[in-house]
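Everything below concerns the one structure shown next.
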Amino acid sequence: MMMTSRFSLGVTVLLSASVLNFGGVALAEGWSPGDEVTLRAAAGRPVHSVYAVHVGHKSIVERELPGLRLDLQASQGGSDNAALLFSGEVEMASGNAAGGYALHHGQFAFEDYEPFPDMVTLFPAYSLQQGVIVMADSPVQTFRDCVGRRLGLTPAGSGAEVTAMNQIEALGLTESDFRSVSRMADAQGFAGLVSGSLDCFFWGTAHPGAALMEQKAVHDLRLVPVEEDDLKAVAEMFPYLPADYVRANMYDDQPNDVPWAGGMTNFWVNANTNEELVYHYVKAVWENRDELLQTHASQQYLNEDLVRMAGSIVPYHAGAERYFREIGILE
């Protein structure tokens, strides 16, 4: 059975509820350690922080689980990754918790579609923070100061774009409250700030983000705080966007914590994936998680609290849940 879903901002994804196959082994069939199997993963773009974490997973599981191969496939992220997962083109995907929550629970980000509860959490990737960046000399001091100005967002359907629209809605605003709202790639957004064609650019990642570090090395950019009451309003309306902050000194000329909306990026898998395979995958990565520090700085914050947070947004696959219960992280 094939189903189509229209993203609220116009991105169309094609999702399949059919039985999927990977490496010649049906998802629901038996698997034992040592069996040869390939898992294809929608890993985002190589410039994304999550792609680096995928690389770390690949190194660990291919060593710890002989016979398992993790095939990383570059993708657009967000709803594109979900489409690839449900069409059966990949067996794993990563994405922002906003999209995961929407697809699994059938709320918020998507409309005119049936929910897809078979997309479940495999493993937490990292926490992230999302907010507005401006030139250092900009008069913009809080997110609300962007009202009436030219706002840039990341591509339609991306996690940061969904978060931006959620934040705008929670504050009682619409796109018409801004002089203009444009969607573009990260590099174009930063270039727009520098050229003066944008006043504010909404962006997010696991910090420190390489893209922003590179930009700040040559341009004088500043992170704009969100007022406490506004962060509370966002969290109350959208439970996957808790109040958070970018830690002080993550970037040059950033001596203080900067309050931004929080969130997560997680790894997803189809609920029909073999339980033993998922159990051993999660066990291998968790027991060797210190190695992930070599792939991205965000992995220093991969802890038990993050595991519990990921499961509170989208439930874990049975194999992942079994492992985290065995070691006492989940009750």
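The values are calculated or read from the model by the stated rules, or taken from the named source; none is laboratory data. Since the structure is predicted, the reported quantities are computational estimates derived from the model, not experimental observations. Because the Cβ atoms are built from the backbone with ideal geometry, glycine has one as well, and the counts that use them run over all protein chains shown.
Annotation for the range 270-279: no member residue is outside the structural domain of residue 104 (by TED's automatic domain parsing), over 19 Å from residue 78 (Cα atoms) and without any contact (Cβ under 8 Å) to a residue 60 or more places away in the chain.
Report yes if some residue within the range 152-168 is in the same structural domain as residue 238 (by TED's automatic domain parsing), in contact (Cβ under 8 Å) with a residue 24 or more places away in the chain, touching a strand residue (DSSP E or B) at 6+ places or on another chain (Cβ under 6 Å) and over 22 Å from residue 99 (Cα atoms); otherwise report no. Scanning the range 152-168 turns up no residue that is in the same structural domain as residue 238 (by TED's automatic domain parsing), in contact (Cβ under 8 Å) with a residue 24 or more places away in the chain, touching a strand residue (DSSP E or B) at 6+ places or on another chain (Cβ under 6 Å) and over 22 Å from residue 99 (Cα atoms). Return a yes/no flag: does the range 265-278 have any residue that is touching a strand residue (DSSP E or B) at 6+ places or on another chain (Cβ under 8 Å), in a helix (DSSP H, G or I) and either buried (at least 19 other Cβ atoms within 10 Å of the Cβ) or at pLDDT 95 or above (or both). Yes, the range 265-278 contains at least one residue that is touching a strand residue (DSSP E or B) at 6+ places or on another chain (Cβ under 8 Å), in a helix (DSSP H, G or I) and either buried (at least 19 other Cβ atoms within 10 Å of the Cβ) or at pLDDT 95 or above (or both). Can you find a residue that is among the aliphatic types (A, V, I, L, M), within 23 Å of residue 243 (Cβ to Cβ) and in a helix (DSSP H, G or I) anywhere in the range 288-305? For the range 288-305, residues among the aliphatic types (A, V, I, L, M), within 23 Å of residue 243 (Cβ to Cβ) and in a helix (DSSP H, G or I): present. Residue 284 falls short on exactly one of the conditions (1) more than 20 Å from the chain's Cα centre (by Cα); (2) without any contact (Cβ under 8 Å) to a residue 60 or more places away in the chain; (3) in a helix (DSSP H, G or I), and that condition is (2). For residue 252, the criteria (1) at pLDDT 95 or above; (2) within 27 Å of residue 293 (Cα to Cα) hold in every case but one, which is (1).
Based on what the data block shows, is residue 156 in a helix (DSSP H, G or I), under 21 Å from the mean Cα position of the chain (by Cα) and of a type in the set (A, V, I, L, M)? Here the answer is no, as residue 156 does not meet what is asked. In the range 133-151, the residues that are in the same structural domain as residue 202 (by TED's automatic domain parsing) form Cβ pairs under 6 Å with partners that are surrounded by fewer than 17 Cβ atoms within 10 Å (Cβ to Cβ) and assigned to a loop (DSSP other than H, G, I, E, B), at six or more places apart or across chains, as follows: 136/220; 142/227; 148/179; 149/179; 150/179. Candidates are the residues of the range 199-244 that are out of contact with any Phe, Trp or Tyr (no Cβ under 6 Å at 6 or more places or on another chain) and among the aromatic types (Phe, Trp, Tyr); the one that is surrounded by the most Cβ atoms within 10 Å (Cβ to Cβ) is 201. Taken over the range 125-148, the criterion of being surrounded by fewer than 17 Cβ atoms within 10 Å (Cβ to Cβ) and part of a loop (DSSP other than H, G, I, E, B) is satisfied by 136, 137, 139, 141, 142, 147, 148.
The requirement of being over 21 Å from residue 229 (Cα atoms) and outside any strand (DSSP E or B) is not satisfied by residue 164.
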